[in-house]
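The values are calculated or read from the model by the stated rules, or taken from the named source; none is laboratory data. The structure displayed is predicted, hence computed values, not measured ones. Virtual Cβ from ideal backbone geometry, glycine too; neighbours counted across all protein chains shown. Accessible surface is based on the protein model in full, side chains and every heavy atom, while ligands, DNA and RNA are left aside. Shrake-Rupley method; radii C 1.70, N 1.55, O 1.52, S 1.80 Å.
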Amino acid sequence: MLTEQEFQKAAERYLDMVYRIALNYFRSPQDAEDAAQETMLRLWRAEVSFTGEEHLRYWLTRVAVNVCRDMSRSPWRTRTVALEHCPEPSFTDPGQSALYEAVRTLPAKYRLPLYLYYYEGYSVTETGELLGLKVSTVQTRLARGREKLKRALEEA
């Protein structure tokens, strides 16, 4: 179990990452905030001994994905927000911003693997473990997602 100082340090370091994962899952700032808060609450209550920063980061990502899945199954979840109302990360290059927007328009089955792989830096194997998918499925979704992105960017 984490001490209060360790928890605060982890929350300061990883809360934004958890929020971005949830935002990419839901496309709703309110739902993303709820999921991030629930993820941090689970961290506070966790009786896990983390072996290092990578273990903690992986654990938080996995819990965030699971919290999002659980929340999306809830019969109370009916809110949706248009994408233009969602906050976006700031990019120095306009091309990066356009690419991120194109990724956000993809269906979740392509959007989440692309986001975890390219923006959070997880490997194909780690992305598969986080999403509960086989490596070959992740590779297929990455390839199809890239193809959809290519078509969308060529049309724009």
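Points to keep in mind about this one:
- Pairs where the first residue, in the stretch 25-51, is at positive phi and charged (D, E, K, R) and the second is open to solvent by 40 Å² or more (accessible area, probe 1.4 Å) and part of a helix (DSSP H, G or I), C-beta under 7 Å, 6+ apart: Arg27/Leu83
- Residue match in the stretch 54-70 (condition: free of Cβ contacts under 8 Å to residues at least 40 places away in the same chain, part of a helix (DSSP H, G or I), open to solvent by 80 Å² or more (accessible area, probe 1.4 Å) and of a type in the set (Asp, Glu)): yes
Residue-by-condition table, conditions (1) assigned to a loop (DSSP other than H, G, I, E, B); (2) open to solvent by 60 Å² or more (accessible area, probe 1.4 Å); (3) more than 20 Å from Asn66 (Cβ to Cβ); (4) in contact (Cβ under 8 Å) with a residue 12 or more places away in the chain:
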residue: Lys109; (1), (2), (3), (4): no, yes, no, yes
residue: Tyr122; (1), (2), (3), (4): yes, no, no, yes
residue: Leu130; (1), (2), (3), (4): no, no, no, yes
residue: Ser136; (1), (2), (3), (4): no, yes, yes, no
residue: Gln139; (1), (2), (3), (4): no, yes, yes, yes
residue: Arg146; (1), (2), (3), (4): no, yes, yes, yes
residue: Arg151; (1), (2), (3), (4): no, yes, yes, no
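- Some residue of the stretch 40-48 being among the β-branched types (Val, Ile, Thr), open to solvent by 50 Å² or more (accessible area, probe 1.4 Å) and at pLDDT below 95: no
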